[in-house]
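Taking it in order: structure first as structure tokens, then the write-up.
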Amino acid sequence: MDAQVSARTPDTTTVSPVGLAVPPERHTVDLSPIARRRWQNFTANRRGYWSLWIFLVLFVVSLFAEFIANDKPLFINHDGKWYFPVLFTYSETTFGGEFETAADYRDPYLQKLIAEKGGSMIWPPIRYSYNTHNLDLPTPAPSKPTWLLTEKECQPVVERKKLTGCRDLEYNWLGTDDQGRDIVARLIYGFRISVLFGLTLTVISSIIGVAAGAVQGYFGGWTDLLFQRFIEIWTSIPSLYLLLIISSVLVPGFFVLLGILLLFSWVSLVGLVRAEFLRGRNFEYIQAARALGVSNRVIMFRHLLPNAMVATMTFLPFVLSSSVMTLTALDFLGFGLPPGSPSLGELLSQGKANVQAPWLGLTGFFTVAIMLSLLIFIGEAVRDAFDPRKTFAS
Amino acid sequence: MMDAATTKLLDVRDLSVAFRQGANEMLAVDRVSFDIVKGETVALVGESGSGKSCTALSILKLLPYPAARHPSGTVHFKGQELLALPEHEIRHVRGNDITIIFQEPMTSLNPLHTIEKQIGEILDLHRGITGAAAQARIVELLSQVGIPDPASRLGSYPHQLSGGQRQRVMIAMALANEPDLLIADEPTTALDVTVQAQILKLLKEIQTRLGMSMLFITHDLGIVRKIADKVCVMSKGKIVEQGPVERVYTAPQHAYTRALLAAEPKPDPAPLRPNAPIIVETRDLRVWFPVKRGVLRRIVGHIKAVDGVSVSVRKGETLGVVGESGSGKTTLGLAILRLISSDGPIVFLGNAIQGLRFKAMRPFRRDMQIVFQDPYGSLSPRMSVSDVIEEGLWVHHPKMEAQEREQRVIRALVDVGLDPETRFRYPHEFSGGQRQRIAVARAIVLEPTFVVLDEPTSALDMLIQTQIVDLLRDLQKRRNLTYLFISHDLKVVAALASRLIVMRHGKVMEEGPAAEVFANPQSEYTRALFAAAFNLETAPEGVVAQ
């Protein structure tokens with residue numbers, strides 16, 4: 001008994017019988033004391049805390065990829081009218097061209113048409129989209145980062161475009177891939193699709209996994225026994241090979257891949273949640289709820305799920321990083337997203353195919369490494385935050 | 001040379017313990033001073049949270065440092081300042097000069113090691129005794145602590161021993177190196193009353209034989225009087241009173257000590273009502289858990305948790321169910337409420353409810369409620385008090401207006417003596433006694449006729465116990481409730497029960513009106529149980545378990 005025990009189980013006895021030496025701080029956001037302590041623990045892990053911020057900034061920025069790297073201007077003022085090519089598609093005829101096709105704003109002809117009418121264009125910082133081919137490459141694709149080019153290499157393009165030197169070229173900061181597409185643009189889009197895919201996969205597989213684990217743990221007995229054996233058989237299927245076979249039959253796309261990966265990824269949380277429910281179903285407050293006549297579904301949702309969520313939350317960042325990794329691996333092997341989509345795995349496989357162009361491999365490697373490291377660091381901090389024994393060490 | 005009897009063996013001066021939690025620091029022990037001379041037993045008494053265990057653990061520096069620290073104080077043991085000793089030196093003191101016995105014999109022994117290995121480890125560690133010499137010493141120790149046929153017990157694992165025997169093994173481990181001081185941290189709290197009496201007797205015997213000192217930590221004043229020479233009463237981290245046991249008991253100085261000594265539930269049970277309608281009746285109720293063996297999981301036998309129990313409770317009465325742990329009293333309560341499956345008819349308010357499905361049981365649940373033992377475990381930590389209490393209303397009166405529901409919650413809280421304004425707080429903000437009141441409020445908000453009280457007071461301190469007993473009695477009178485009161489604490493049962501059944505091994509040993517059974521117990525077992533509970537006396541051999 002005594003303070004010794006309350007030191008070990010702070011979740012239940014935060015207020016000491018002796019009283020607090022210092023009154024608790026007041027916060028503007030009214031978090032429960034447990035949540036507040038968890039947030040404190042999370043921020044105490046500086047590496048994880050900064051990783052979270054860096055990751056969030058990168059992710060939010062990449063969500064606006066169309067406004068950062070695009071082959072369409074953000075805004076055009078043409079003939080006294082305003083146009084927003086990023087948001088809407090206009091045909092070439094709008095600007096006085098000849099074809100009914102969508103306008104290609106990188107075309108010097110169209111640029112000239114707009115300039116003649118006294119129009120102005122505002123471009124995103126990077127004037128390439130993930131699928132824009134740079135037609136003015138000074139060297140054969142994959143082409144070096146522009147700042148590494150020598151004047152001699154630039155000369156043909158500089159002369160054709162009547163510029164003064166290399167520095168006036170449109171920059172490819174990290175070079176281009178083997179089809180002359182800008183790598184920075186592809187990175188931004190690729191990062192976004194990876195994280196979005198990872199997040200979607202994590203959320204859906206958690207929902208399925210938590211539900212399956214909850215049912216098994218709560219009902220136990222035969223339900224548990226049969227389900228567990230099924231999961232054992234299911235997990236012993238070599239999933240990667242199966243994924244390869246399925247993705248060579250079905251046309252791979254974002255949602256097809258999501259479905260295929262979901263077939264196997266939901267299992268990862270089942271054991272954890274099942275254990276929590278098995279433990280929790282004999283708690284006295286669960287018995288008390290049963291004695292009140294509360295239905296099983298309500299008991300599972302209201303009383304047991306919050307307990308299981310702690311373990312689940314701790315696991316989520318790791319599930320997320322493994323989802324991202326699986327997608328990258330499939331892309332690398334060529335069984336992932338359809339050809340042409342911006343993907344980190346494809347960048348890596350291009351790097352492997354073009355060893356003479358190290359900017360491909362290096363960029364791919366560092367992006368994946370940094371992204372996964374950030375996720376792991378966040379995961380560690382989350383784990384710290386939910387660790388009840390961590391609370392007293394400071 | 002000073003006289004050995006007056007030399008201070010342990011001298012604690014101005015000891016404080018503070019725990020840090022984030023930016024906050026709380027003082028668990030506040031400038032405590034006491035001393036122990038050779039051969040003396042000093043008892044530290046107080047409620048949970050009063051800092052008694054903390055004080056004891058700081059003597060051996062067993063607190064979770066650096067979260068804990070000592071803002072002030074010294075601990076001198078045989079002239080050595082223990083608090084200043086570095087970790088590797090204090091290890092020679094631990095288990096050698098000062099040993100400690102913990103409360104929970106179930107978890108204090110490593111389940112994967114044999115008894116011989118666990119005791120042998122200490123001998124090897126501090127004395128370097130191994131092999132045959134160690135074995136001989138272990139057998140000697142085990143016979144000292146009264147384990148029958150010790151040589152054959154050497155290879156046993158903890159799970160093969162009963163709770164009392166495990167505590168004996170713990171004591172044997174503590175005695176292995178003939179310590180000068182034995183710290184016993186609530187060594188009998190987790191044990192049954194009959195076993196508790198045996199262990200206390202053993203400790204007393206060993207202490208006189210070996211001439212060692214003992215620091216005995218407990219919340220039970222009855223034990224203190226039986227075993228200690230000197231007593232220190234702790235409250236809120238301070239020692240409020242200390243002195244020779246007789247003096248403190250006969251002439252307590254401090255108000256807190258007086259309150260503690262007076263804290264005994266007053267016997268005022270509900271009267272017998274032989275003509276009142278029967279609320280619950282069971283006939284030959286059985287709860288058998290099958291024991292399965294082999295590949296085909298054939299049923300080879302049964303654990304008979306409840307074995308043919310017939311009870312009937314009349315309206316307004318309290319049926320007390322007493323017995324040691326494992327006697328099936330809690331199982332009986334759960335079976336009557338149909339929370340575990342059982343065999344044999346159960347009649348509730350004139351309806352046969354045995355075998356009804358979950359949905360069919362629901363209308364009856366409104367009239368039958370339960371209050372559990374552990375007020376920390378029985379309230380969901382993630383629901384506010386108001387959510388906890390109104391949950392039953394949602395189930396049984398789903399169409400009730402929000403306002404009326406709130407009124408019912410407020411009324412229930414007022415009835416159990418809590419401020420209704422606290423209903424938006426979470427359980428962790430309440431003390432154990434307050435939580436138990438919340439659990440009672442949850443049970444009575446549905447206005448039931450029948451409430452099972454499953455050891456509702458045993459996790460609480462003496463003072464709080466009395467309050468809860470008064471509350472339960474008061475509620476019974478006001479709402480004409482019928483109780484099934486399950487407890488191993490006979491003093492509390494005596495305060496509440498109008499009828500009594502004594503259970504052992506799933507069977508009823510004795511039953512009758514409570515006053516008669518207490519005054520004139522028929523079976524030998526009941527007599528032994530009463531003697532152990534009221535006078536801490538051991539029973540003759542063979543009557544109760546070891």
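The values are calculated or read from the model by the stated rules, or taken from the named source; none is laboratory data. Here the structure is a predicted model, which is why all the values come from computation and not from measurement. Glycine gets a Cβ as well: all are built from the backbone with ideal geometry, and neighbour counts include every protein chain shown.
Looking only at region B:316-371, how many residues end up being part of a loop (DSSP other than H, G, I, E, B) and more than 20 Å from B:Ala533 (Cβ to Cβ)?
Of region B:316-371, the ones part of a loop (DSSP other than H, G, I, E, B) are B:316-317, B:323-328, B:337-342, B:344-345, B:349-350, B:353-357, B:366-367.
Filter again for more than 20 Å from B:Ala533 (Cβ to Cβ), leaving B:316-317, B:337-342, B:344-345, B:349-350, B:353-357, B:366-367.
Summing the residues that are part of a loop (DSSP other than H, G, I, E, B) and more than 20 Å from B:Ala533 (Cβ to Cβ) in region B:316-371 gives 19.
List, please: which pairs have Cβ atoms under 7 Å, are six or more places apart or on different chains, and start with a residue in region A:225-243 that is at negative phi and hydroxyl-bearing (Ser, Thr, Tyr) and end with one that is surrounded by 11 or more Cβ atoms within 10 Å (Cβ to Cβ) and modelled with pLDDT of 85 or more?
From region A:225-243, the pairs are A:Thr235/A:Val267; A:Ser239/A:Phe264.
Out of region B:435-458, which residues are surrounded by fewer than 21 Cβ atoms within 10 Å (Cβ to Cβ) and more than 24 Å from B:Ser312 (Cα to Cα)?
The answer is B:Ser458, and nothing else.
With the requirement that a residue be over 28 Å from the mean Cα position of the chain (by Cα) and touching a residue at least 60 places away in the same chain (Cβ under 8 Å), what does region A:280-313 give you? Give the steps one after another, and end with the answer.
Keep residues of region A:280-313 that are over 28 Å from the mean Cα position of the chain (by Cα), which gives A:280-304.
Within region A:280-313, A:Gly280, A:Arg281, A:Asn296, A:Ile299, A:Met300, A:Leu304 meet the criteria.
Quick check on this structure: which one of A:Glu159, A:Glu151 is among the acidic types (Asp, Glu), in contact with a Gly (Cβ under 9 Å, 6 or more places away or on another chain) and over 23 Å from A:Ala65 (Cα atoms)?
Details: A:Glu159 fails: in contact with a Gly (Cβ under 9 Å, 6 or more places away or on another chain).
Going through A:Glu159, A:Glu151 in turn, the sole match is A:Glu151.
When you look at B:Thr55, is it over 31 Å from the mean Cα position of the chain (by Cα) and either within 14 Å of chain A (Cβ to nearest Cβ) or β-branched (Val, Ile, Thr) (or both), yes or no?
On the way: over 31 Å from the mean Cα position of the chain (by Cα): no; either within 14 Å of chain A (Cβ to nearest Cβ) or β-branched (Val, Ile, Thr) (or both): yes.
When the stated conditions are applied, B:Thr55 does not pass them.
Name the residues in region B:395-409 that are in a helix (DSSP H, G or I) and either among the charged types (D, E, K, R) or at the interface with another protein chain (Cβ under 8 Å from one of its Cβ atoms) (or both), would you?
Looking only at region B:395-409, we keep the residues that are in a helix (DSSP H, G or I), and these are B:395-396, B:402-409.
B:Val395, B:His396, B:Glu404, B:Arg405, B:Glu406, B:Arg408 - these are the residues of region B:395-409 that are in a helix (DSSP H, G or I) and either among the charged types (D, E, K, R) or at the interface with another protein chain (Cβ under 8 Å from one of its Cβ atoms) (or both).
Please give the helices (runs of 4 or more DSSP H) falling wholly within region A:250-308 in which 2 or more residues are out of contact with any Cys (no Cβ under 8 Å at 6 or more places or on another chain) and more than 14 Å from chain B (Cβ to nearest Cβ). Lay out the reasoning, then the answer.
On the way: elements: A:254-265, A:270-280, A:284-291.
In region A:250-308, the matching helices (runs of 4 or more DSSP H) lie at A:254-265, A:270-280.
Look at B:Ser384 and say whether it is facing chain A (nearest Cβ under 7 Å), over 22 Å from B:Thr482 (Cα atoms) and among the polar types (S, T, N, Q).
Working: facing chain A (nearest Cβ under 7 Å): no; over 22 Å from B:Thr482 (Cα atoms): yes; among the polar types (S, T, N, Q): yes.
It is false that B:Ser384 is facing chain A (nearest Cβ under 7 Å), over 22 Å from B:Thr482 (Cα atoms) and among the polar types (S, T, N, Q).
Of the conditions (1) buried (at least 18 other Cβ atoms within 10 Å of the Cβ); (2) of a type outside the set (S, T, N, Q); (3) assigned to a loop (DSSP other than H, G, I, E, B); (4) away from chain A (no Cβ under 14 Å), B:Leu85 fails just one. Which one is it?
That leaves (1) as the condition not met.
Identify all residues within region A:149-175 that are surrounded by fewer than 19 Cβ atoms within 10 Å (Cβ to Cβ) and in contact (Cβ under 8 Å) with a residue 24 or more places away in the chain; write none if there are none.
Within region A:149-175, A:Arg160, A:Lys161, A:Glu170, A:Tyr171, A:Trp173 meet the criteria.
For region B:203-243, which positions are in contact with a Leu (Cβ under 8 Å, 6 or more places away or on another chain), away from chain A (no Cβ under 14 Å) and closer than 17 Å to B:Ala263 by Cα?
B:Leu221, B:Gly222, B:Ile223, B:Val233
Could you list, in sequence order, the residues of region B:8-23 that are in contact with a Lys or Arg (Cβ under 6 Å, 6 or more places away or on another chain) and within 14 Å of chain A (Cβ to nearest Cβ)?
Answer for region B:8-23, where residues must be in contact with a Lys or Arg (Cβ under 6 Å, 6 or more places away or on another chain) and within 14 Å of chain A (Cβ to nearest Cβ): B:Ser16, B:Ala18.
So which of B:Pro363, B:Pro345 is at the interface with chain A (Cβ under 9 Å from one of its Cβ atoms), over 24 Å from B:Leu472 (Cβ atoms) and either surrounded by fewer than 22 Cβ atoms within 10 Å (Cβ to Cβ) or modelled with pLDDT of 85 or more (or both)? Outline the logic, then answer.
Details: B:Pro345 fails: at the interface with chain A (Cβ under 9 Å from one of its Cβ atoms).
The conditions single out B:Pro363.
Only residues that are charged (D, E, K, R) and either within 12 Å of another protein chain (Cβ to nearest Cβ) or in contact with a Ser or Thr (Cβ under 7 Å, 6 or more places away or on another chain) (or both): list them for region B:427-472, please.
As a first pass, look at region B:427-472 and keep what is charged (D, E, K, R): B:429, B:435, B:437, B:442, B:447, B:454-455, B:461, B:470.
B:Glu429, B:Arg435, B:Arg442, B:Asp454, B:Glu455, B:Asp461, listed by residue number.
Pick out the one residue from B:Ala532, B:Ala519 that is on the phi < 0 side of the Ramachandran plot and surrounded by 18 or more Cβ atoms within 10 Å (Cβ to Cβ).
Numbers: B:Ala519 fails: surrounded by 18 or more Cβ atoms within 10 Å (Cβ to Cβ).
The unique qualifying residue is B:Ala532.
Here is a check on your reading of the model: is A:Leu362 at pLDDT 90 or above and either assigned to a helix (DSSP H, G or I) or not aliphatic (A, V, I, L, M) (or both)? Write out each step before concluding.
Working: at pLDDT 90 or above: yes; either assigned to a helix (DSSP H, G or I) or not aliphatic (A, V, I, L, M) (or both): yes.
Yes.
Starting from region B:74-90, take each residue that is closer than 18 Å to B:Val29 by Cα and list its partners that are surrounded by fewer than 16 Cβ atoms within 10 Å (Cβ to Cβ) and among the β-branched types (Val, Ile, Thr), counting only C-beta distances under 7 angstrom and pairs at least six apart or across chains.
B:Leu83/B:Thr74
Got a sec? Which of A:Pro124, A:Pro138, A:Pro85 is modelled with pLDDT under 85, surrounded by 19 or more Cβ atoms within 10 Å (Cβ to Cβ) and assigned to a loop (DSSP other than H, G, I, E, B)?
After ruling out the rest, the residue left standing is A:Pro138.
Among the residues of region B:410-426, write down those that are within 14 Å of another protein chain (Cβ to nearest Cβ) and assigned to a helix (DSSP H, G or I).
So the first thing to find is which residues in region B:410-426 are within 14 Å of another protein chain (Cβ to nearest Cβ), and the list is B:412, B:422, B:424-426.
Hits for region B:410-426 are B:Ala412, B:Thr422, B:Phe424.
Would you confirm, using the coordinates I've provided, whether B:Gly95 is buried (at least 18 other Cβ atoms within 10 Å of the Cβ), away from chain A (no Cβ under 14 Å) and on the phi > 0 side of the Ramachandran plot? Give the derivation first.
Numbers: buried (at least 18 other Cβ atoms within 10 Å of the Cβ): yes; away from chain A (no Cβ under 14 Å): yes; on the phi > 0 side of the Ramachandran plot: yes.
For B:Gly95, the condition - buried (at least 18 other Cβ atoms within 10 Å of the Cβ), away from chain A (no Cβ under 14 Å) and on the phi > 0 side of the Ramachandran plot - is met.
Among B:Gln546, B:Gln467, B:Gln522, B:Gln476, which is the only one that is at pLDDT 85 or above and in a loop (DSSP other than H, G, I, E, B)? Break it down stepwise before answering.
Working: B:Gln546 fails: at pLDDT 85 or above; B:Gln467 fails: in a loop (DSSP other than H, G, I, E, B); B:Gln476 fails: in a loop (DSSP other than H, G, I, E, B).
That would be B:Gln522, the only listed residue that is at pLDDT 85 or above and in a loop (DSSP other than H, G, I, E, B).
Among the residues that make up region B:144-158, is at least one of them at pLDDT 85 or above, among the β-branched types (Val, Ile, Thr), within 30 Å of the chain's Cα centre (by Cα) and within 28 Å of B:Ile199 (Cβ to Cβ)?
no
Among the residues of region A:201-219, is there at least one that is assigned to a loop (DSSP other than H, G, I, E, B) and modelled with pLDDT under 90? Give the steps one after another, and end with the answer.
Here is the first cut: in region A:201-219, the residues assigned to a loop (DSSP other than H, G, I, E, B) are none.
No, because not a single residue in region A:201-219 is assigned to a loop (DSSP other than H, G, I, E, B) and modelled with pLDDT under 90.
What's the number of the only condition in (1) farther than 17 Å from B:Met214 by Cβ; (2) facing chain A (nearest Cβ under 10 Å); (3) hydrophobic (A, V, I, L, M, F, W, C) that B:Ile90 fails to meet?
(2)
Pick out, from region A:1-70, the helices (runs of 4 or more DSSP H) lying fully within it that include 2 or more residues that are modelled with pLDDT of 80 or more and more than 9 Å from chain B (Cβ to nearest Cβ).
Working: elements: A:2-8, A:33-44, A:46-63, A:65-68.
Answer list for region A:1-70: A:33-44, A:46-63, A:65-68.
For A:Ala288, only one of the following conditions fails: (1) of a type in the set (A, V, I, L, M); (2) in contact with a strand residue (DSSP E or B) (Cβ under 9 Å, 6 or more places away or on another chain); (3) over 23 Å from B:Phe364 (Cβ atoms). What is its number?
Only one criterion is unmet by A:Ala288, namely (3).
Given (1) assigned to a helix (DSSP H, G or I); (2) within 24 Å of the chain's Cα centre (by Cα), where does A:Leu174 come up short, assuming only one miss?
(1)
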